[in-house]
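The values are calculated or read from the model by the stated rules, or taken from the named source; none is laboratory data. Model, not experiment: these values are computed from the prediction. Here the Cβ positions follow ideal geometry from the backbone for every residue, glycine too, while neighbour counts run over all protein chains shown. Please note that ligands, DNA and RNA were not included when accessible areas were found on the heavy atoms of the full protein model with its side chains. Shrake-Rupley method; radii C 1.70, N 1.55, O 1.52, S 1.80 Å.
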Amino acid sequence: MTEGFSLAFCPVSPPLQALSCITVSERKLLSEKATPKRIGDFIAGRVAAKLAIRSHLSLPDSLPLSILRTEHGNEAGKPCAVSDDAGTILPEIHLSITHADKKAYAAASHTRIGIDNVTIETYNDAFVQDVFQPEELQAWADWLRSDCNHPLAVCTGFAAKEAFLKWLGIGLRGTLPMTQIIPLSQTVSQSLFFQKQFHAACYVHHETGDAPELRILDGYFSIQDRQVIVLLTGE
């Protein structure tokens, strides 16, 4: 596998100090009731997204960008890049944003992409049983050479599911139990950021009982500052 995406990071700053980093159009996406944490995460995510897009498309810093949301269709709510000069969505770019514990990452690609970061911590048994199928969590444990109850296995599987929902373009409109992610292989990554690359069998289960849909995607895995970062991409 070769990397066909650009990745960017931005720490979360105090909201009032960072508001100048976003456009008027972006500010309109924030609710008047948004908490300082929500505002800080929002701004950092958009700063990271613009960095990733400029890197991937080789855009000049002078070209203003806004990171808005797709408004209609099956991918409503998915982040999209808009040129303020043209006022139109940049159609050639796919974008994914994630933030947790004052760290925001964004990835941009010409193919579908999803990224998620999860702080490594213990989740209760009820959450684990609701979200994962037994063989799914065991597959991640084997892949990581850990126990299936270890927080690393749970958090990696959790991040992979969130990344896949973003890859699908449905994000929070989907549910974690509707997906099943099985890592199929792994190699040492040539990236300075990611430690492992892998192929993943990604299933979408339907409430109708129809056969699940399967996608084989390229995956990337990293541990940074006690966080797991999982990125999935491909067609």
So what is the relative contact order of the chain, in percent, for Cα pairs below 8 Å that sit 6 or more residues apart?
17
Vicinal HN-Hα couplings computed from phi for segment 95-105 (Karplus, 6.51 cos²θ - 1.76 cosθ + 1.60; Hz; Gly/Pro x)
9, 9, 10, 9, 8, 6, 6, 6, 10, 10, 10
Amide H within-cut-off set for Leu184, under 5 Å, with H built and near neighbours excluded
His199, Ala200, Ala201
Long-range HN-HN contacts of Arg69 with modeled amide H, under 5 Å
Cys80
Apportionment of accessible area to carbon and sulfur, segment 62-165, percent (1.4 Å):
50
Once R0 is set to 35 Å, what does the formula 1/(1 + (r/R0)^6) return for the Cβ-Cβ distance between Tyr123 and Arg27, expressed as a FRET efficiency to the nearest 0.05?
0.55
Low-density loop positions, chymotrypsin sites (Phe, Trp or Tyr not before Pro), segment 148-235 - DSSP coil, at most 15 other Cβ in 10 Å:
Phe193
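Reported to two decimal places, what Rg/Rh ratio describes segment 12-67 when computed on Cα atoms with Rh from the Kirkwood expression?
Across segment 12-67, the Cα-based Rg/Rh ratio is 0.99.
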Probe 1.4 Å, heavy atoms of protein chains only: per residue, the accessible area of segment 169-235 in Å² is 52
From the phi of every residue in segment 139-147, what ³J(HN,Hα) in whole Hz does the Karplus formula 6.51 cos²θ - 1.76 cosθ + 1.60 yield, where θ is phi - 60° and glycine or proline is x?
4, 5, 4, 5, 4, 8, 6, 9, 7
Let me know the shape class of segment 97-235, please: from the alpha-carbon gyration tensor, a ≥ b ≥ c as square roots of the eigenvalues, rounded when a/c is under 1.5, otherwise prolate if a/b is greater than b/c, or oblate.
rounded
Any chance you could run the full-extension gain for His72 through Thr208? It's 0.36 nm times the residue separation minus the Cα-Cα distance, nm to one decimal.
46.5 nm
Checked against a 24 Å limit on the C-alpha separation, the offending pairs among Lys33/Lys161; Lys103/Lys196; Lys37/Lys78 are Lys33/Lys161
Please tell me the relative contact order of segment 47-130 in percent, rounded to the nearest whole number, where contacts are Cα pairs under 8 Å and at least six residues apart.
23
Computed ³J(HN,Hα) along segment 200-215: with the Karplus parameters 6.51/-1.76/1.60, θ = phi - 60°, integer Hz and x for glycine or proline, the list is 10, 8, 10, 10, 10, 8, 10, 5, 6, x, 5, 4, x, 7, 10, 10
Can you tell me the length gained on complete extension of the stretch Phe193 to Asp225, counting 0.36 nm per residue apart and subtracting the Cα distance?
10.3 nm
Taking only protein heavy atoms into account and a 1.4 Å probe, give the accessible area per residue of segment 11-111 in Å².
53
